[in-house]
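First the structure, then my questions, so here it is.
Bear in mind these aren't lab numbers, they're just calculated from the coordinates by the rules spelled out. Predicted model, so just to flag it, every value in this text is computed and none were measured. Glycine gets a Cβ as well: all are built from the backbone with ideal geometry, and neighbour counts include every protein chain shown.
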Amino acid sequence: SGTLTRQRVFSNSRIFLYKLYDDLELSVVCHRPEGLEQLEAQSNFSKKELKVLYRGFKNECPSGVVNEETFKQIYSQFFPHGDASTYAHYLFNSFDSSQNGSIKFEDFVTALSILLRGTTTEKLQWTFNLYDINRDGYINKEEMTDIVKAIYDMMGRFTYPALKTDTFKQHVDAFFQKMDKNRDGVVTLDEFILSCQEYARQNQMSDNIC
């Protein structure tokens, strides 16, 4: 199902986040992170945890930055039966907070902090920003189609059920049917968070009944 596909994507993405700094390649630009005190204040990690993360990051990436090509190569290792390049591109842009074509240690920590230890609202906001490809504050049908297609391309032959020509449109239509509360053709952050919270409550109720 589409839900199982998304769960597999997010599970592999979380593993990727844990292992990213273990496989980084060298780059020509050197960068030193901000003070650990500042990162500690801005993240959900302790200073001790940040030191461990930074040692791993710096050990494999003395330059202190990751470019998009390296990011794609690393991420693709977790989806060997599909093409993860497009989804990795969208993910890279979400990590690259300054939009300068590279991910610094600070960017890595910020994303890791939200996705692993953030509140539900923070995680949903981060996901919304990932789907909002053109960063205009809305998710439109074209953006959602691009994301859905990228996910299925990434899963490759493990997509189930087997894809049909109208599969992308069906998923996008279902997404907007649930999310686009005022039927204006776009999904706002508030609509996205509200719909996800409603979905979570419904699932919890179903689990309790079962």
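In nm, to one decimal, how far is the modelled label at Asn44 from the one at Asn134, with both set 7 Å along Cα→Cβ?
Here the modelled spin labels are 3.2 nm apart.
Let me ask something additional. What full-extension length gain, to one decimal in nm, is calculated for Thr86 and Leu194 as 0.36 nm per residue of separation minus the Cα-Cα distance? Display every interim value, and only then the final one.
Working: separation 108, 0.36 × 108 = 38.88 nm, distance 2.78 nm.
Stretched out fully, the Thr86 to Leu194 stretch lengthens by 36.1 nm.
Rounded to the nearest 0.05, what FRET efficiency is calculated for Gln202 and Thr121 with R0 set to 22 Å and r the Cβ-Cβ distance?
0.75
Per 0.36 nm of contour for each residue apart, how much would the distance between Lys141 and Thr167 grow if the chain were fully extended, relative to their Cα-Cα spacing?
8.0 nm
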